[in-house]
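Below is one structure, written out as structure tokens; the observations come after it.
The values are calculated or read from the model by the stated rules, or taken from the named source; none is laboratory data. The structure displayed is predicted, hence computed values, not measured ones. Positions of Cβ are backbone-derived with ideal geometry, glycine not excepted, and every protein chain shown enters the neighbour counts.
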Amino acid sequence: MTIKPIFTLREALKSLWRNRLMSIASVSSVSATLIILGIIFALIVNVNASTQAAKDQIDSIKVYLLDELTSEESEALQNEIEAIAGVETVSYENKVDALAKMQASWKENAYMLEGLEKNPLPNSFIVYLTDIYYSESVLASLEKLEGIEQIKSNQDTVAKLLLFTDLIRKAGLTIIFVLIAISTFIIHNTIKLAVNARHREINIMKYVGATNWFIRWPFLTEGTILGLVGAGVSAMIMKIGYEYIFNVLHSDFFVLIAAYIVKPEVLMKDLIFLFVVIGAGIGALGSIWSMRKYLNV
């Protein structure tokens, strides 16, 4: 007996209406799960965006050189630094340029530096990293080199930043897995009720030649519909909520914070795809679980 899409869809919708209270509970569970997932996803995305912005400012190490270093020795030292794993580029900054930068940063107070008899700043290298994760290993390698007077890095800030980002990701993933399991269990119970209610009808269909998959497809479709409806509801709520928060943060009071907030259209593009995949997956998984355990055909 061949599987007919129209028959499958009709039977799934009939079953959803027949068990409408459990269907509403399933949709609500999936929606709640995906909304919390969406909040965690939005948090992780924005933390990553802020981390990336911070990385652009702290992904370099300042290496101050000894004054007695000759130009040949400086060039040799630069080549050694460039050979270190994790180093992207090395930029040389002489003491004259360094003082000019300091004067520019001091703005109206720059006149205080004009009376200096001697430039107190050393020549230096600015070491740019390929990734912030190489900070510790590059720092350890630099400390072994000769000709360096002092090394200035943001190692403590980097460590705290990476720890916070990792903590957010792990906590988010744990919560997501727990909520997905709960939603799958509720859909499993919804489909189980439908299977039990149609047990006699299923046996008759089996006797007249219906294949296992002909019988199973309506239940699989039912679970998938529940998941997709839940995904649609949660996507709509997340869109409204995130746009509201985004607009509030872009007021004058929060303008500095909002500079690192991901735009709603960027977030929702990925979030809708995630909701559809996970929503349909939860529904299908719940259905398959129910049929394997309760559908004896």
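Quick one: which helices (runs of 4 or more DSSP H) sit completely within segment 191-266 and have at least 1 residues that are modelled with pLDDT of 65 or more? Working first, answer last.
Working: elements: 199-207, 212-249, 255-258.
In segment 191-266, 199-207, 212-249 are the helices (runs of 4 or more DSSP H) which contain 1 or more residues that are modelled with pLDDT of 65 or more.
Residue-by-condition table, conditions (1) modelled with pLDDT under 75; (2) in the same structural domain as L179 (by TED's automatic domain parsing); (3) of a type outside the set (A, V, I, L, M, F, W, C):
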{"position": "E11", "(1), (2), (3)": "yes, yes, yes"}
{"position": "L16", "(1), (2), (3)": "yes, yes, no"}
{"position": "S26", "(1), (2), (3)": "no, yes, yes"}
{"position": "V30", "(1), (2), (3)": "no, yes, no"}
{"position": "I35", "(1), (2), (3)": "no, yes, no"}
{"position": "I40", "(1), (2), (3)": "no, yes, no"}
{"position": "L65", "(1), (2), (3)": "no, no, no"}
{"position": "S71", "(1), (2), (3)": "no, no, yes"}
{"position": "A76", "(1), (2), (3)": "no, no, no"}
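Does segment 161-173 contain any residue that is exposed (fewer than 12 other Cβ atoms within 10 Å of the Cβ), in a helix (DSSP H, G or I) and more than 17 Å from the chain's Cα centre (by Cα)?
no
Condition check ((1) aliphatic (A, V, I, L, M); (2) surrounded by 12 or more Cβ atoms within 10 Å (Cβ to Cβ); (3) under 33 Å from the mean Cα position of the chain (by Cα); (4) modelled with pLDDT under 85) across all residues:
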site	(1), (2), (3), (4)
A83	yes, no, yes, no
G86	no, yes, yes, no
E136	no, yes, yes, yes
E143	no, no, no, no
